[in-house]
Amino acid sequence: EPEVTQTPSHQVTQMGQEVILRCVPISNHLYFYWYRQILGQKVEFLVSFYNNEISEKSEIFDDQFSVERPDGSNFTLKIRSTKLEDSAMYFCASLGQGMNTEAFFGQGTRLTVV
Amino acid sequence: KQEVTQIPAALSVPEGENLVLNCSFTDSAIYNLQWFRQDPGKGLTSLLLIQSSQREQTSGRLNASLDKSSGRSTLYIAASQPGDSATYLCAVRPPGANSKLTFGKGITLSVRP
């Protein structure tokens, strides 16, 4: 079965440092997403990406965040200067075309900012 | 703005019981609804996708129903097992080619041996 792969599984970083979370979506999918889940809270949308540009972003996705798909396979989320409140599980998801397609999620990266 | 609610937040049942998990959403203009399973500290595993035009979808011991007009979905689990213990989340997707999912907070299920 196809799968979305995320690395690393866990990252600990100091406040103010930059982090890059990596994702390899399913190869024939067109739409890519980042979501996050703060411990004990809902999974919440951050950003969607299609055709090499951002389609939609939430109010959480401020100037500290950026996404790119540098080589046609990897999909990355960069947080420039991490804050304590960025500690969360970050999920990458990908979606194929059509109404009948399900969103596939990666196993997540647990980011801990200390 | 779409809101998805799952009540109760937690449920404990004895092994073998049939159970129903509820999900409600405020905006009935959806493309589809997806049920996920999440084990503690882990990722989201898709269980069932039900399109807006469908009433039911089945996979093994799981059956999801959708009543779009009333903004409700249920996930029925037959003959529950301790291995079913996990958090179950529902998420709705509005129309649009690359629309985002809106999640409920999930129901944490514990199946007692």
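Take A:ALA103 and tell me if it is under 19 Å from A:GLN6 (Cα atoms), in contact with a Leu (Cβ under 7 Å, 6 or more places away or on another chain) and either more than 10 Å from chain B (Cβ to nearest Cβ) or among the acidic types (Asp, Glu) (or both). No: the conditions fail for A:ALA103.
In the range B:42-58, the count of residues that are within 11 Å of chain A (Cβ to nearest Cβ), part of a loop (DSSP other than H, G, I, E, B), free of Cβ contacts under 8 Å to residues at least 12 places away in the same chain and open to solvent by less than 50 Å² (accessible area, probe 1.4 Å) is one or more.
Only residues that are at the interface with another protein chain (Cβ under 7 Å from one of its Cβ atoms) and of a type in the set (Asp, Glu) were counted across the range A:22-63, and they come to 1.
Exactly one residue out of A:PHE104, A:PHE91 is at pLDDT 95 or above and not small (Gly, Ala, Ser), and it is A:PHE91. Of all the criteria given as (1) open to solvent by 50 Å² or more (accessible area, probe 1.4 Å); (2) within 14 Å of chain B (Cβ to nearest Cβ), the one not satisfied by A:LEU84 is (2).
Results for (1) farther than 28 Å from A:PHE32 by Cα; (2) modelled with pLDDT of 95 or more; (3) within 11 Å of another protein chain (Cβ to nearest Cβ); (4) open to solvent by 50 Å² or more (accessible area, probe 1.4 Å), shown as yes or no for each residue.
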{"position": "B:LEU33", "(1), (2), (3), (4)": "no, yes, yes, no"}
{"position": "B:ALA78", "(1), (2), (3), (4)": "yes, yes, no, no"}
{"position": "B:TYR88", "(1), (2), (3), (4)": "no, yes, no, no"}
{"position": "B:PRO95", "(1), (2), (3), (4)": "no, no, yes, yes"}
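Please work out if A:SER94 is open to solvent by less than 50 Å² (accessible area, probe 1.4 Å), in contact (Cβ under 8 Å) with a residue 60 or more places away in the chain and among the polar types (S, T, N, Q).
Details: open to solvent by less than 50 Å² (accessible area, probe 1.4 Å): yes; in contact (Cβ under 8 Å) with a residue 60 or more places away in the chain: yes; among the polar types (S, T, N, Q): yes.
When the stated conditions are applied, A:SER94 passes them.
Of all strands (runs of 3 or more DSSP E) completely enclosed by the range A:1-105, which ones contain at least 3 residues that are among the charged types (D, E, K, R)? In the range A:1-105, A:53-57 are the strands (runs of 3 or more DSSP E) which contain 3 or more residues that are among the charged types (D, E, K, R).
Limited to the range A:64-81, what total is found for residues that are crowded, with 20+ Cβ neighbours inside 10 Å and either within 14 Å of chain B (Cβ to nearest Cβ) or touching a Pro at 6+ places or on another chain (Cβ under 9 Å) (or both)? Total satisfying the criteria: 2.
Out of (1) at pLDDT 95 or above; (2) out of contact with any Gly (no Cβ under 7 Å at 6 or more places or on another chain), what's the single condition that is false for A:CYS23? Single failed check for A:CYS23: (2). Within the range A:65-89, residues that are farther than 18 Å from A:PRO25 by Cβ have Cβ atoms under 7 Å from residues that are modelled with pLDDT under 95 in no pair, counting only partners at least 6 apart in sequence or on another chain. Among the residues of the range B:97-110, those identified as without any contact (Cβ under 8 Å) to a residue 40 or more places away in the chain and either open to solvent by less than 10 Å² (accessible area, probe 1.4 Å) or over 13 Å from B:LYS1 (Cα atoms) (or both) are B:ALA97, B:ASN98.
The values are calculated or read from the model by the stated rules, or taken from the named source; none is laboratory data. No experiment lies behind these values; they were computed from the predicted model shown. Neighbour counts are summed over all protein chains in view; Cβ atoms, including those assigned to glycine, are modelled from backbone coordinates with ideal geometry. Heads up: the accessible areas ignore ligands, DNA and RNA and are worked out on the full protein's heavy atoms, side chains in. Shrake-Rupley method; radii C 1.70, N 1.55, O 1.52, S 1.80 Å.
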